[in-house]
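Input: a single structure, listed below in structure tokens.
The values are calculated or read from the model by the stated rules, or taken from the named source; none is laboratory data. In this text the structure is predicted, and so the values were computed from the model without any measurement. Backbone-built Cβ (ideal geometry, glycine too); neighbour counts: all protein chains shown. These area figures cover heavy atoms from the full protein model, side chains too; ligands, DNA and RNA do not enter into them. Shrake-Rupley method; radii C 1.70, N 1.55, O 1.52, S 1.80 Å.
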Amino acid sequence: MKFSPERVATLAGQMVTKLVSDGLIEPVADRRVLTVSLERVIVDELSVEDRINAEAKELMRKYESEIARGQMNEQQLFQMIKKQLVKEKGVVL
């Protein structure tokens, strides 16, 4: 994830304030509860790519010997695996 927890909290707070002030939502609970929930959603969304990268690196272990012998390009293999995982999981990065 590329944002600090403090930055995520600030973004979530700003989003809630803007949505409420524009009349797009009307909170039925305390704004802080809504903000904390939004923080969790933001963190989950931002960490999707991190999880996919970790899974791709794990899958690459099967090809360590081929990479070491120069039969496969490590970066190209990583991108290929990552692209396939994104497609399989139906996520947008």
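Taking segment 74-93 on its own, how many of its residues are surrounded by 12 or more Cβ atoms within 10 Å (Cβ to Cβ) and assigned to a loop (DSSP other than H, G, I, E, B)?
Residues meeting the conditions: 1.
Any idea which residue in segment 21-57 is least open to solvent (accessible area, probe 1.4 Å), counting only those that are of a type in the set (Val, Ile, Thr) and part of a loop (DSSP other than H, G, I, E, B)?
Ile25
Please find, within segment 39-93, the residue that is nearest to Phe3 (Cα to Cα) out of those that are of a type in the set (S, T, N, Q) and touching a residue at least 24 places away in the same chain (Cβ under 8 Å).
Checked segment 39-93; the qualifying residue nearest to Phe3 (Cα to Cα) is Ser47.
Residues checked against (1) modelled with pLDDT of 95 or more; (2) of a type in the set (D, E, K, R):
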| position | (1), (2) |
| --- | --- |
| Val36 | yes, no |
| Arg40 | yes, yes |
| Ser47 | no, no |
| Asp50 | no, yes |
| Met60 | no, no |
| Glu64 | no, yes |
| Met72 | no, no |
| Gly90 | no, no |
| Leu93 | no, no |
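For Ala12, indicate whether it is open to solvent by less than 80 Å² (accessible area, probe 1.4 Å) and over 30 Å from Lys83 (Cα atoms).
When the stated conditions are applied, Ala12 does not pass them.
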